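As structure tokens, the structure follows; a few thoughts come after it.
The values are calculated or read from the model by the stated rules, or taken from the named source; none is laboratory data. Every value quoted in this text rests on a predicted model; they were computed, and no experiment measured them. Note: ideal-geometry Cβ built from the backbone for every residue, glycine included; neighbour counts use all protein chains shown.
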Amino acid sequence: MTLTIRDIAPADRAGWEALWSAYLAFYKVDLSPDITNHTWTRMMDPASPLKGRLAVEDDQPLGFALHHHHCSTWVMGEDCYLEDLFVAPEARGKGVGRALIDDLRDLAKARGWHRLYWHTDEGNARARALYDSYAPYDGHVRYRLKL
């Protein structure tokens, strides 16, 4: 496999949307097309902190890592939050998820960000096996208020 990881570009919209739809289906989430369009628009806006990396093999998108950086109260600098990571089912087990995380880790280091962090569903055993190879579960529990 010759895998390339690069910034998501305007020409990638159809490929990204196909992956995004599969990602939403995996989590059994139904978002309005307006939200998907808004997410895409923010990723393409140079002033927005929301960015995306795309894993591609032979012009075929295989996965993405959507991330943003933000200031932190715990370090004298910024952190990177990996908000969404997805690998197409047919590409799983081939190192695409690891390549996306490694790429984002290297990008974060190059930009001087202090930490890379993410969360996942407790029952997502396959993803957790990958994530546990990077860092141990830290015991944090997430709470979310919908406003």
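For (1) farther than 19 Å from Asp7 by Cα; (2) small (Gly, Ala, Ser), each residue gets a yes or a no:
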position: Ala65; (1), (2): no, yes
position: Thr73; (1), (2): yes, no
position: Lys94; (1), (2): yes, no
position: Lys109; (1), (2): no, no
position: His114; (1), (2): yes, no
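Leu19 meets the conditions (1) touching a Lys or Arg at 6+ places or on another chain (Cβ under 7 Å); (2) assigned to a helix (DSSP H, G or I) in every case but one. The failed one is (1). Of the residues making up the stretch 1-46, those that are more than 18 Å from Leu104 (Cβ to Cβ) and among the small types (Gly, Ala, Ser) are Ala11, Ala14, Gly15, Ala18, Ser21, Ala22, Ala25, Ser32.
Any idea which residue in the stretch 23-79 is farthest from Gly123 (Cα to Cα), counting only those that are assigned to a strand (DSSP E or B) and of a type in the set (A, V, I, L, M)?
Checking each candidate, the answer is Val56.
Suppose the filter is of a type outside the set (D, E, K, R), exposed (fewer than 13 other Cβ atoms within 10 Å of the Cβ) and at pLDDT below 95; does Tyr137 pass it? It is true that Tyr137 is of a type outside the set (D, E, K, R), exposed (fewer than 13 other Cβ atoms within 10 Å of the Cβ) and at pLDDT below 95.
Answer with yes or no whether Leu116 is farther than 22 Å from Glu17 by Cα, in contact with a helix residue (DSSP H, G or I) (Cβ under 6 Å, 6 or more places away or on another chain), at pLDDT 95 or above and among the aliphatic types (A, V, I, L, M).
Yes: the conditions hold for Leu116.
Note on the stretch 109-147: among residues that are of a type in the set (A, V, I, L, M, F, W, C) and assigned to a helix (DSSP H, G or I), the one that is nearest to the chain's Cα centre (by Cα) is Ala127. Mind listing just one residue for me: the one in the stretch 102-111 that is of a type in the set (A, V, I, L, M) and in contact (Cβ under 8 Å) with a residue 24 or more places away in the chain and, of those, nearest to Val56 (Cα to Cα)? Going through the qualifying residues, I end up with Leu104. Within the stretch 81-101, restricting attention to residues that are without any contact (Cβ under 8 Å) to a residue 40 or more places away in the chain and closer than 11 Å to Arg53 by Cβ, the residue that is farthest from the chain's Cα centre (by Cα) is Ile101.
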